[in-house]
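Encoded as structure tokens, the structure appears first; notes follow it.
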Amino acid sequence: MGVSKHTSGRWRAVLKNGRTYVQSKNFDTRREAEAWLARERAALAGGVDPRAGQIIVRKAFATYMESRRHTVAVKTYRSDMEMVKLMPPNLGNLHVGRVTDREVQRVLDAWSRRYAESSVRRFRAVLSGFFSWSVRERLRIDNPVARTRVARQLVPTQGMQPFTEPELDEVRADIAEYDRHLADVVWLLAWTGLRWSEARELRIADFIEVPMPRLVVRRSAPESVEAKSTKSGRTRHIPLSEELLPLVRSMAKDKGPDDLLITSSGGARLHAAAFKRTTRWPVTGRGRRLHDLRHTAACLWLAAGVPASTVQAWLGHSSLQTTQIYVHYLGDSADKAGLDFLNRRGHIGGT
């Protein structure tokens with residue numbers, strides 16, 4: 001029989017391939033021993049050799065990452081490699097074939113106590129990809145991550161904080177005291193909705209005046225990685241107003257088609273750290289993030305009466321539902337009607 005009881009009270013499951021011994025394992029209960037044996041027999045029958053799964057997770061993960069080196073973006077590869085440092089020994093030193101959902105869940109719970117929920121979800125996705133690869137490589141029969149979940153965190157996330165138009169003018173004036181060119185860059189980003197990474201990669205050839213002045217956003221250049229396609233993977237067009245057009249023309253003056261359009265005062269590619277240091281952004285930016293300049297553009301456009309569907313196209317959102325977040329932030333017609341009613345009620349003696 002494949003399952004037997006020790007004198008200690010524990011149960012031992014022995015896996016054989018015909019008469020050949022493959023492996024064995026001890027369990028606290030008979031049910032666990034029989035369940036393990038059934039899974040391993042099924043794996044053996046399906047062509048998964050349990051002995052192949054005896055490589056430890058840390059070594060197998062290194063092999064998995066090597067297979068991905070030239071198939072994913074550099075930033076993604078570097079981010080996934082962080083798992084090597086984050087992986088606790090009680091998981092990294094286990095045999096790939098012996099990892100259960102309980103071990104993975106314990107690791108996820110430990111990460112949840114140290115990192116943000118979004119980060120833990122990313123870590124879980126990396127682990128899931130690794131174990132899916134292990135199944136394809138016939139190191140195990142199933143993906144244990146599929147039976148786990150990430151604990152919800154009640155810490156509120158930082159919401160968007162767009163500038164109002166008067167605030168934006170004040171910020172531009174404050175930054176101009178340190179660097180007039182970078183003050184114009186802030187103003188341009190706040191009226192075009194460009195992501196920081198897209199602004200870093202915009203070229204002179206992407207500035208078109210005929211038949212309508214606009215910027216063509218084709219690629220992005222996140223810091224420390226190579227340039228790549230935009231977040232949506234699609235090209236989009238951002239029209240330039242009469243106020244913005246002279247500014248962009250001055251930035252493009254005496255440059256070639258392949259030169260960068262938006263640069264530092266010295267003509268170098270933008271870098272967030274240098275930009276914040278030069279502009280004293282923690283103070284002049286009123287505690288906002290650089291990405292809040294993109295949120296500012298969306299809110300300014302909508303407040304000016306630009307239809308939400310047009311704003312969606314200018315921002316490059318794949319779904320109108322994403323753009324509606326700004327509509328809700330500003331308040332829709334129902335909110336304004338309700339507020340008018342409350343204000344009128346106050347004038348006629350209401351509380």
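No value in this document is a laboratory result; all are computed from the given coordinates. Note that the structure is a prediction, hence the values are computed from the model and not measured. Glycine gets a Cβ as well: all are built from the backbone with ideal geometry, and neighbour counts include every protein chain shown.
Counted by Cβ distance under 15 Å from Ser132, the other residues give a net charge of +2, where Lys and Arg count +1 and Asp and Glu count -1. What is the angle, in °, between the Cα long axis of helix 101-112 and the longest principal axis of the Cα atoms in the chain? Nearest 10 is fine, range 0 to 90. Tilt relative to the chain: about 30 degrees. Here the stretch 3-47 is treated as a sphere whose radius is the Kirkwood value from Cα pairs; by Stokes-Einstein at 4 °C and 1.567 mPa s it diffuses with a coefficient of 121 µm²/s. A simple charge model with +1 on the Cβ of Lys and Arg, -1 on the Cβ of Asp and Glu and nothing else charged puts the dipole of the chain at about 2440 debye relative to its Cα centre.
Kirkwood Rh and Cα-based Rg: tell me the resulting Rg over Rh for the stretch 116-215, rounded to two decimals.
Working: Rg = 23.0 Å, Rh = 18.6 Å.
Value, to two decimals: 1.24.
Evaluated at q = 0.13, 0.22, 0.23 Å⁻¹, a Debye calculation over the C-alpha positions of the stretch 1-118 (equal weights, vacuum) places log10 I(q)/I(0) at -0.68, -1.24, -1.29.
What does the charge dipole of the stretch 57-147 about its Cα centre add up to, to the nearest 20 debye, if the Cβ of each Lys and Arg holds +1 and the Cβ of each Asp and Glu holds -1?
On the way: 19 positive and 9 negative charges, 21 e Å.
Here the size comes out at about 100 debye.
Taking the Cα centre of the stretch 165-334 as origin and assigning +1 to Lys and Arg Cβ atoms and -1 to Asp and Glu Cβ atoms, the resulting dipole is close to 600 debye.
Remark on the stretch 103-145: hydrodynamic radius 10.8 angstrom, per the Kirkwood mean of 1/r across alpha carbon pairs. Positive end of the dipole of the stretch 1-129 (Cβ unit charges, origin at the Cα centre): among Ala116, Leu94, Val74, the Cα lying farthest that way belongs to Leu94. Three principal axis extents of the chain based on alpha-carbon atoms, in descending order, are 85, 67, 37 Å. Of all stretches in the chain that contain no GluC sites (Glu not before Pro) in a DSSP loop with at most 13 other Cβ atoms within 10 Å, the longest one is 1-176.
Do any trypsin sites (Lys or Arg not before Pro) in the stretch 267-345 lie in a DSSP loop with no more than 16 other beta carbon atoms within 10 Å, and if so, which? Please list the in-between numbers first.
Working: sites: Arg269, Lys276, Arg277, Arg280, Arg286, Arg288, Arg289, Arg294, Lys336, Arg344, Arg345; in loops: Arg269, Arg280, Arg286, Arg288, Arg289.
Answer in residue order: Arg269, Arg280, Arg286, Arg289.
Loop-located trypsin sites (Lys or Arg not before Pro) in the stretch 231-261 (DSSP state other than H, G, I, E, B) with a sparse environment of at most 12 neighbouring Cβ atoms within 10 Å: Arg234, Lys253. Along each principal axis, taking the top coordinate minus the bottom one, the Cα set of the stretch 56-174 gives 62, 35, 21 Å in descending order. With both labels modelled 7 Å from their Cα along Cα-to-Cβ, the Gln161 to Met212 distance reads 3.5 nm.
For the stretch 181-197, putting each phi into the Karplus relation 6.51 cos²θ - 1.76 cosθ + 1.60 with θ = phi - 60° gives couplings of 5, 5, 5, 5, 4, 4, 5, 5, 4, 6, 10, 10, x, 5, 5, 4, 5 Hz, in residue order, rounded to whole numbers and with x for Gly and Pro. For the chain, the longest principal axis of the C-alpha atoms and the axis of helix 117-136 are separated by about 50°. In whole Å, what is the distance between the alpha-carbon centres of the stretch 186-260 and the stretch 264-327? Their Cα centres are 13 Å away from one another. Rg of the Cα atoms in the stretch 175-321, relative to 2.2 N^0.38 Å, amounts to 1.00.
Counting chymotrypsin sites (Phe, Trp or Tyr not before Pro) as exposed when in a DSSP loop with at most 16 other beta carbons within 10 Å, what is the longest stretch of the chain free of them? Walk me through the intermediate numbers first.
Numbers: sites that count: Tyr115, Tyr178.
Within the chain, the longest run free of exposed chymotrypsin sites (Phe, Trp or Tyr not before Pro) spans 179-351.
Quick one: which of Lys85/Lys276; Lys75/Lys253; Lys231/Lys336; Lys253/Lys276; Lys59/Lys231 span more than 28 angstrom between C-alpha atoms?
From the list (Lys85/Lys276; Lys75/Lys253; Lys231/Lys336; Lys253/Lys276; Lys59/Lys231), the Cα-Cα distance tops 28 Å for Lys85/Lys276; Lys75/Lys253; Lys231/Lys336; Lys59/Lys231.
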